Every structure is written in C-alpha cells, then in structure tokens.
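Scroll down for the structure; my scribbles are underneath it.
No lab work stands behind these numbers, since they all come straight from the coordinates. Just so we're clear, the structure is a prediction, and the values are computed from it rather than from any experiment. So basically every Cβ, Gly included, is an ideal-geometry build from the backbone, and we count neighbours across all protein chains shown.
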Amino acid sequence: MNKLLCTIFFTTLILFSCWWAWGNSSSIKGFIKEKLEAGDFLTLEERYTPRQIMAANQAEMLQNSKYKFLEPEQYYYPYLIMEVKYSINEQNTGESSMLWSLKDGEMVTDSSSWEKTHGFEDAITANADRNDFKIINAISKHNGFIDRTTLAAELHADGDTLDNWIDGVRRKKLVLRSGNGYRLHLSNPNMNVVPTTNINSWLVKRPYKGSQRIAKKYSCSQIEKICQAAFGENFAIRSTKEVFLPVYEIKVQNPDGSLMTSHWNALNGKRIKNQF
C-alpha cells in the first residue's frame, strides 16, 4: 500500500513539475517547439503568388482608393495522396492517383479546376460500409434515383437481402425513400466517380518551421476505409502519403475599418467559395 502511495505521489509530483515548467519557462517552450518544427513536409507546388492573385482581382476587390489590401497569409490544408489500382472491366485494370481532403472528406477529381465529389463526407460520418455503397453506387449510376425493381436487378439481390441493405443505409440517413424508389439524401450529390484524380502539380518540400498547417478533421485510415467500401472488392491501395494544399488568405480593409477576408487556391489562382 505504501509503495503504491509513493508511486502515485512521485508521479503526481513529476506531472506537476512538467506542467509548471511548461507554463513558466519560455525557454522550455521554445526548445520543444523547435524540435517539433524540425524537418519538412510535402505540399503541392504553387502556380500563383498572392501578389499575382491580388493584381488579377484588384478591380473587383478594391472598389476605390479607400479600400486597401493587407499583408496576405499562407495556410496549408491537409490531403492524402493514394496510389491505387482498380478494375475497369473484366479484362482491364486501372492504376491511378487519388487526392483526398483530410479536412472535408471529399475527393478532388481534377486539380486544375479543383472540382470535388460531394457525399463522401456524409458517408464517413455515418460509418458507411460496403453494403451501404452497393445501394449508394446504384442510385448514383442512375442519376440520383432508382426504383426498387431496377435496384434488385442491378444488385442481383433477393428480397430479404435487399431489404436489409436498404434498411441499413436508410438508418444512416444516406438514402431516402422517394415515391416507388430511392434517392440519395444529399443536395447535388457527386459520388459516381472513377477512383482517379487528374493531378497537375509537382510535390515539393516545405520546412515545418513557420508554416501554418490546418488540423485534420479526418484520419488517413478513415479515408482508406471509405474508399475500400465505395470502390469495391477489386480496389486496392498501393501506397499513401500526406500532402498539403497551399492556400492564401487575402484581406481587404474597408473604409469603415472592417475587413473582407477571402481564401484562394495557390494551384489555380481561383477563389475558394465553400470548402477546402
């Protein structure tokens, strides 16, 4: 008993000492931060500078001489690049790269336009499995709506099996009953995609020190899991690596002192209106 009390006492003392040192010693904080920021990380290479973007959009962003740009800032948003292989048909296998956001859970289909899917984040949140995606994929292939007869024929499923799959995906609020069929429970879904991203950018290394990296919302394993469920049993992930998208935050100071803040994709120079 005494040994246990001594262990608890000394453990508490050590933890308190560490807490006190962290809160009261700037040199310790600086040392730890320096070690954490050592090394570098991979990013997609910028094609535009913030100055180029500001110059190209000045007429729209600065209404007159009373408006002015403030110093821009750069942030890095987390993504996952996967090298994958998948079945195109019975005779052919495709090999490709996929770029998937670790912030919004969606796949980039083209890095030039930065077009993305819509619906996979909901599937990740709902913990969708392969049976759920049998229903989701069938609906997606039929432009967002499918009747029960067509669904059964598409999936080669008997009545009980189909009912179980439909009940499961409906409980997860991913699919709704609509008339004599089913539709995806999304506004403007975009999930009927080939597991390929058209990547038009080099990967470059950036130092950790001084870089403002945005925290991940989803883990790499969550993205891998949803891909395995969505793209079928012949889909395989060959390798993965984390990369970051450079994004500029550009602020305009209005005449009344308020600020208008916008974010811009450094790869295509376009304004990011919704999600990253």
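Numbers below:
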item	result
Kirkwood hydrodynamic radius over Cα pairs of segment 118-192, then Stokes diffusion coefficient at 4 °C and 1.567 mPa s, in µm²/s	108
Added length on full extension, which subtracts the Cα-Cα distance from 0.36 nm per residue, Q228 to D110	40.4 nm
Listed pairs K116/K141; K116/K216; K134/K216; K85/K205; K85/K270 exceeding 21 Å between Cα atoms	K134/K216; K85/K205; K85/K270
Theoretical gain in end-to-end length, E83 to R177 [0.36 nm per residue, Cα-Cα removed]	30.2 nm
Where labels lie 7 Å past Cα in the beta-carbon direction, separation of K68 and T161 in nm	7.0
Over the chain: helical MRE at 222 nm, DSSP H runs n ≥ 4 each giving -39500 (n - 2.57), nearest 500	-10500 deg cm²/dmol
Cβ-based exposure ranking for E154, E121, in which fewest neighbours within 10 Å come first	E154, E121
Sites K241 and E90, calculated FRET efficiency, Cβ-Cβ separation with R0 35 Å, nearest 0.05	0.65
Size descriptor, Kirkwood hydrodynamic radius, that averages inverse alpha-carbon separations across segment 189-231, Å	13.9
³J(HN,Hα) computed for each position of segment 195-206 - Karplus, 6.51 cos²θ - 1.76 cosθ + 1.60, integer Hz, glycine/proline x	x, 8, 10, 6, 9, 10, 7, 7, 9, 10, 9, 10
Residues T49 and K205, FRET efficiency given R0 of 22 Å [Cβ-Cβ distance, rounded to 0.05]	0.75
F244, F41 arranged by Cβ crowding within 10 Å, fewest neighbours leading	F41, F244
Projected area averaged over orientations for the chain, convex hull of C-alpha atoms, nm²	24.2
15 Å tail of the calculated P(r), segment 72-163, as % of Cα pairs	73
T125-A152 FRET efficiency (beta carbon distance; Förster radius 30 Å; 0.05 resolution)	0.60
Where labels lie 7 Å past Cα in the beta-carbon direction, separation of S97 and S219 in nm	2.6
Residues whose placed amide H lies under 5 Å from that of L102, excluding near-sequence neighbours	Y79, L80
